[in-house]
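Participant: Please read through the structure below; I'll follow up with questions.
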Amino acid sequence: MDEQQLLALKPELDRFLDQFAPLFGREENLAHACRFVQGLLHGGERRNAENVAQATKGGPVRTLQAFISTGVWTDREILEWKRDLVLKVLADDDAVWNSDETGFPKKGTKSVGVKRQYSGTLGRTDNCQIGVFANYCSVRGHTLMDRRLFLPEEWANDRDRREEAGVPAGVIFRTKPELALAMLANAVAEGVPFRWVGGDSVYGTSPTFVQGVRQLGKWYVLDSSAEARVWTSEPQVIPPEKRPKSSLGRRCTQPLVIGEPKRVDEVVAALSANAWQRSTVAEGSQGPLVYEYAQVWVWFSEEGLPGPRERLLVRRSLGQEPELKYQRSNAAAEVTLLKLAQVRATRWTIEEDIQSAKGECGLDEYETRGWTGWHHHTTLSLLALAFLVLQRVRVGEKRAADDRARGPGAADAPARSPRVGRSRDPAVVAVASGAKPPGRRQPSQTTTRRAAATRREK
């Protein structure tokens, strides 16, 4: 964003950030947050604390660096408050909650969670950190909602590295699907309205993730690998207690599944030509996105045992060398194939949100190494992204209202205010963590107004 654009939006940005004043604690923290978010939106070669301080004339660099690296303010509360502001505009009961991860290239061994690991963003194995992100996508727009830093197992088990990087004692090793499920369970516990869950094959091939989504009562459309195994007819499962003893007289401890599952690509290869139907799944920047889709009712193998009956979906691109993509969905039978294809098509939104957060909001341009610094920087980056999304929606609504005003009999639709629950359901939270997250501080309207007024007087 150039200087003139940022200057024109500064009053709106100040009003947006004033709403978070009570959550930053000390008054100077809000001033630092405003400077930092403004610097993230301003752009430049690298949006670290030093460059942000220079771009915004924000005072001593070390003070801003300390605000990011060791400042005493809770990023979780900021993200929850931001989420509720976003939902006032984007909330939809039929929305999609997507999960994805992205890499942050790093040098050395000191940055928290860094190691040589595969990053789909980089397209290779490299020295990097991995963050798992979640976005919210509805008919009104989309933005990133939450994030978790992936802490590799060797990091989680290394006390010295943990202490040096400031990793909290309660943080344990969790896989990327487990981190995504924790964010999903938290959203459900908080009453965030959505019906669908999306993700690539990292999540679609994780029994922990798919079983957790089902337990949370959501429908998913998740990518599957070609190597995943399925049964095309319900297999018989003999429980351990009903299996005959072995020749040595030992009791069996594992169930027995009758029948071998097949690879997903083998099942799809056996489909007839009339199993496919052509569908327009979305309107892209280059025109309609058209694919051929087919579906088969199957039972996916989840750690060797059949899961519940669900649909195996396959998407085939048009052209002489068609590309096949496999998905799975537990949606009810009356949900059409076209609807499932449209839900899968929202996957691009989280990829775009991550790119926008990096390109427009400096998500990957931090130089802090510790746990607190990573979470503080990414929180402010997501805050900047939410501001941009809300501004775009506001501008779009204004244009739509102007267009309606020119036409006969135009009337504005009533504004919709979501009811996001404050009381968490322990059973829902337990799906991901087994423990109830800490409660949330509720700033009063008087406190908010007083903090905003104090800031404007400066």
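Participant: Counting pairs of alpha carbon atoms under 8 Å apart in space and at least six apart in sequence, what relative contact order in percent does the stretch 84-223 give?
Facilitator: 26
Participant: Relative contact order of the stretch 242-373: what whole-number percent is it, with Cα pairs under 8 angstrom and at least 6 residues apart?
Facilitator: Over the stretch 242-373, the number comes to 14 percent.
Participant: Compute the separation of the alpha-carbon centres of the stretch 267-320 and the stretch 49-114 and state it in Å as a whole number.
Facilitator: The two parts, judged by their Cα centres, are 37 Å apart.
Participant: Go through the stretch 335-351 residue by residue and turn each phi into a ³J(HN,Hα) via Karplus (6.51, -1.76, 1.60, θ = phi - 60°); whole Hz please, and just put x for glycine and proline.
Facilitator: Values, residue by residue: 6, 6, 4, 4, 4, 5, 5, 5, 5, 4, 5, 6, 4, 4, 5, 6, 5 Hz.
Participant: Report the one residue of ALA49, LEU17, LEU90 whose Cα lies farthest in the direction of the positive end of the charge dipole of the stretch 1-95 (charges on C-beta: Lys and Arg +1, Asp and Glu -1; origin at the Cα centre).
Facilitator: ALA49
Participant: Another question, if that's okay. Sequence gap at least 6, Cα distance under 8 Å: using those rules, report the relative contact order of the stretch 240-298 to the nearest whole percent.
Facilitator: 20
Participant: LEU305 versus ASP158, label points 7 Å from Cα toward the beta carbon: distance in nm?
Facilitator: Simple spin-label model gives 3.7 nm for this pair.
Participant: Further question: Greater than 22 Å separation of Cα atoms is the criterion. Which listed pairs, LYS218/LYS262; LYS88/LYS358; LYS107/LYS358; LYS88/LYS339; LYS218/LYS358, meet it?
Facilitator: Result: LYS218/LYS262; LYS88/LYS358; LYS88/LYS339; LYS218/LYS358 exceed 22 Å.
Participant: Also, quick follow-up: Can you run phi through the Karplus equation (6.51, -1.76, 1.60; θ = phi - 60°) for the stretch 379-386 and list ³J(HN,Hα) in whole Hz, with x for Gly and Pro?
Facilitator: 3J(HN,Hα) across the stretch 379-386, in whole Hz: 4, 5, 5, 5, 5, 5, 5, 4.
Participant: Follow-up question, since we're still on this one. In vacuum, with every alpha carbon of the stretch 151-263 counted as one equal point scatterer, what does the Debye formula give for log10 I(q)/I(0) at q = 0.18 Å⁻¹? Two decimals, please.
Facilitator: -1.01
Participant: Need the list of aspartates and glutamates near LYS10 for cross-linking: C-alpha distance under 14 angstrom, and skip anything on the same chain fewer than eight residues off.
Facilitator: Within the straight-line cut-off, LYS10 pairs with ASP2, ASP18.
Participant: Rank-order 161-174, 292-305, 382-395, 270-283 by packing density, defined as the average count of other C-beta atoms within 10 Å over each peptide's residues, highest first.
Facilitator: 382-395, 292-305, 161-174, 270-283
Participant: If I stretch the segment between LYS10 and GLN286 completely, what's the gain in nm (0.36 nm per residue apart, minus their alpha carbon distance), one decimal? Walk me through the numbers on the way to the answer.
Facilitator: Working: separation 276, 0.36 × 276 = 99.36 nm, distance 3.35 nm.
Full extension of this stretch gives 96.0 nm more.
Participant: Could you tell me the extents of the stretch 52-111's C-alpha atoms along the three principal axes, largest first, rounded to whole Å?
Facilitator: 46, 29, 23
Participant: What ranking do 308-317, 92-101, 142-151 get when scored by the average of other Cβ atoms within 10 Å per residue, highest first? Please report the intermediate quantities before stating the final value.
Facilitator: On the way: 308-317: 18.1, 92-101: 22.0, 142-151: 23.8.
Packing order, densest peptide first, comes out as 142-151, 92-101, 308-317.
Participant: Another one. Sequence-distant or interchain residues sharing an amide H contact under 5 Å with VAL114, placed H: which?
Facilitator: Hits under the 5 Å cutoff: none.
Participant: Show me 372-381, 20-29 ranked by packing, highest mean number of other Cβ atoms within 10 Å first. Before the final figure, lay out the partial values.
Facilitator: Details: 372-381: 23.8, 20-29: 18.0.
Final packing ranking: 372-381, 20-29.
Participant: Cβ under 14 Å from PRO168's Cβ, PRO168 left aside: what net charge do those residues give with Lys, Arg +1 and Asp, Glu -1?
Facilitator: +3
Participant: Over the Cα atoms of the stretch 1-105, how large are the radius of gyration and the largest Cα-Cα distance (Dmax), in Å?
Facilitator: Calculated on Cα positions, Rg and Dmax stand at 15.4, 47 Å.
Participant: What net charge do the residues around GLN211 carry, taking every other residue with its C-beta under 13 Å from that of GLN211, with Lys and Arg at +1 and Asp and Glu at -1? Display every interim value, and only then the final one.
Facilitator: On the way: positive: ARG214, LYS218, ARG328; negative: GLU178, GLU302, GLU303, GLU310.
Value of the local net charge: -1.
Participant: Between THR125 and THR70, what length comes free when the chain is fully extended (0.36 nm per residue of separation minus the Cα-Cα distance, one decimal in nm)?
Facilitator: So the extension gain works out to 16.7 nm.
Each value in this text was obtained by applying a stated rule to the coordinates, not by laboratory testing. Model, not experiment: these values are computed from the prediction. When we count neighbours, we look across all protein chains shown, and the Cβ atoms used for this are built from the backbone with ideal geometry, even at glycine.
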